[in-house]
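The values are calculated or read from the model by the stated rules, or taken from the named source; none is laboratory data. Because the structure is a prediction, the values reported are computed rather than measured. Cβ placement follows ideal geometry from the backbone for every residue including glycine, while neighbour counts extend to all protein chains displayed.
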């Protein structure tokens, strides 16, 4: 019945800063915009065919906290992601390490404080093997 993840939706306090991070630094593709009252209200960013992150201007009553815990983006070159983040002035919250799932990972935050995790799968990754992750956190 469920085929795959279609999109994750995030409120943004500053749509341009969000574009700079996800499109300018990470290289995602801006697929289409949402226009409200003649102004940019949000947009879809394409990760790959059929997989998106949707952003909307955060309503004032929402406050400053992000609406989701984190998103995780798969990469085939985590070292390149780290270099791009550093070049863009985005701090690395958790440097490259192998997680409990045996995938390489690192973490940063987007301009709205949403935690962004990056995964580079290995042959031993639980995502491939189905092995349980034993965690100590």
Practice prompt. Give just the number: which of (1) surrounded by 13 or more Cβ atoms within 10 Å (Cβ to Cβ); (2) closer than 29 Å to residue 135 by Cα; (3) modelled with pLDDT under 90 does residue 104 not satisfy?
Written response: (3)
Worksheet item: Of the residues that sit in segment 38-48 and are closer than 23 Å to residue 4 by Cβ and touching a residue at least 12 places away in the same chain (Cβ under 8 Å), which one is surrounded by the most Cβ atoms within 10 Å (Cβ to Cβ)?
Response: 43
Item to complete: Output the number of the condition that residue 46 fails; it satisfies all remaining conditions of (1) over 29 Å from residue 135 (Cα atoms); (2) within 14 Å of the chain's Cα centre (by Cα); (3) not in a strand (DSSP E or B).
Response: (3)
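Report yes if residue 94 is touching a residue at least 60 places away in the same chain (Cβ under 8 Å), closer than 23 Å to residue 126 by Cα and out of contact with any helix residue (DSSP H, G or I) (no Cβ under 7 Å at 6 or more places or on another chain), otherwise no.
no
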Worksheet item: Out of segment 49-62, which residues are part of a strand (DSSP E or B) and farther than 11 Å from residue 7 by Cα?
Response: 56, 57
Worksheet entry | Residue list for segment 107-137, restricted to those being surrounded by fewer than 12 Cβ atoms within 10 Å (Cβ to Cβ) and closer than 18 Å to residue 21 by Cα | 113
Response to the item:
Among residues of segment 66-92 being closer than 10 Å to residue 25 by Cα and touching a strand residue (DSSP E or B) at 6+ places or on another chain (Cβ under 7 Å), the residue surrounded by the fewest Cβ atoms within 10 Å (Cβ to Cβ) is 90
Worksheet item: Pairs under 8 Å by beta carbon, first residue over 18 Å from residue 76 (Cα atoms) in segment 9-37, partner modelled with pLDDT under 95 and assigned to a helix (DSSP H, G or I), six or more apart or different chains?
Response: 11/62
